[in-house]
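Trainee: There's a structure below that I have some questions on.
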């Protein structure tokens, strides 16, 4: 139980300054919002775990898992490359 409490304390101690730095907030404001920050971080991690498991199960059930994995990686690589190159998609007004 002590390890769990220590881990949670370290997670909050890391999340609050990180959020303050990312959002350009004063540390005091981030400390006030620490419960909201922790709940939001837990929700994000939970969603990532859920969708990761769904993707893994679907990958295992497909007939050609190597092809599907290669296409996923190619799509993610394309998104990263286009973002790095600064390509902007056209917007309709």
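The values are calculated or read from the model by the stated rules, or taken from the named source; none is laboratory data. Since we're looking at a predicted model, the values are computed, not measured. A quick note on method: Cβ atoms are made from the backbone with ideal geometry, for glycine too, and the neighbour counts reach across all protein chains shown.
Trainee: For region 22-32, give me the residue count where each residue is within 22 Å of residue 45 (Cα to Cα), free of Cβ contacts under 8 Å to residues at least 12 places away in the same chain and in contact with a helix residue (DSSP H, G or I) (Cβ under 9 Å, 6 or more places away or on another chain).
Mentor: The number of residues fulfilling the criteria is 1.
Trainee: Just checking, how many residues over region 58-73 are exposed (fewer than 10 other Cβ atoms within 10 Å of the Cβ) and either at pLDDT 95 or above or assigned to a helix (DSSP H, G or I) (or both)?
Mentor: Residues in region 58-73 being exposed (fewer than 10 other Cβ atoms within 10 Å of the Cβ) and either at pLDDT 95 or above or assigned to a helix (DSSP H, G or I) (or both): 3 in total.
Trainee: Is it the case, given these coordinates, that residue 25 is modelled with pLDDT of 90 or more and either outside any helix (DSSP H, G or I) or loosely packed, with under 10 Cβ neighbours inside 10 Å (or both)?
Mentor: So residue 25 fits the description; yes.
Trainee: From 90, 17, 35, grab the single residue that is touching a helix residue (DSSP H, G or I) at 6+ places or on another chain (Cβ under 7 Å) and free of Cβ contacts under 8 Å to residues at least 24 places away in the same chain.
Mentor: 17
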